[in-house]
Amino acid sequence: MENIHQKLTGEIWKPMIIKDMPDNKDYDISNYGRVKSFKTNKEAGAIINGSILKGYKILNLKDSNGRSTKYVHKLVAENFIPKENDLQIYVIHLDFDKSNNHVENLKWVTRTTMFAHQKINPNYKRGTINYSKLTETEVIRLKLKLKRGKFKLYKLAKEFGITHTQLNRIRSGENWGHVKID
């Protein structure tokens, strides 16, 4: 926690409203996406930095009911941006920078709008799955072997280092459906 904090130009602070922590009196939030805790410094508060999860800044907040993990961008939106309708349950970063939690960079959107926004994200690489055991090239080879139909499924799964369930998901198009073979 930072003990000394400087107010930024145009920064507005307000007591943070947290849906599942209705008795919150320990945290303030700013339109710049900064959060202060008054747990240890009752007078001025102390900026809490939180941590990063998949590029998003998160905070572990604590009240009398226990701990709760919150995304900072969602907290900023809940406290500064009114929703236009109840279908808007997602918050997007207009500039695609997950670390920029300034209120002017955030917007409430529907699921459909969120996916459309993600498609135009210059950082989004369609078809790359970072945690996958297979590459697209391997999936193409696998699909070609499946198309020929001369292999036992359990042997194919073993050859590619995947489970039989995963193989069936690839066959049905549930996984790797965007990879097509001619």
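Every number here is computed from the coordinates shown, using simple stated rules; none is lab data. In this text the structure is predicted, and so the values were computed from the model without any measurement.
Please work out how many pairs of lysine residues in segment 86-156 are eight or more positions apart (or on different chains) and have Cα atoms closer than 29 angstrom.
Going through segment 86-156 pair by pair, I get 22.
For segment 126-182, evaluate the Debye formula with one uniform point scatterer on each Cα (no solvent term) and list log10 I(q)/I(0) at q = 0.15, 0.22 Å⁻¹, rounded to two decimals.
Relative scattering, expressed as log10 I(q)/I(0), comes to -0.37, -0.83.
If you scale each eigenvalue of the Cα gyration tensor by 5 and take the root, what three semi-axes come out for the chain, rounded to whole angstrom and sorted largest first?
After diagonalising the Cα gyration tensor, the semi-axes are 46, 18, 15 Å.
What percentage of all Cα-Cα pairs in segment 71-112 are separated by more than 15 Å?
That tail contains 31 percent of the Cα-Cα pairs.
Sum -39500 (n - 2.57) across every DSSP H segment of at least 4 residues in the chain, then divide by the residue count to get the 222 nm mean residue ellipticity, nearest 500.
Roughly -7500 deg cm²/dmol at 222 nm, from the helical runs in the chain.
Looking at the chain, do any whole DSSP H helices span at least 24 angstrom along their long axis by alpha carbon and average 1.6 or above on Kyte-Doolittle, and which?
Membrane-span-like by this rule: not one helix.
Just list whichever of 14/39; 25/70; 7/54; 42/70 have alpha carbons separated by over 24 Å in the model shown.
The answer is 7/54.
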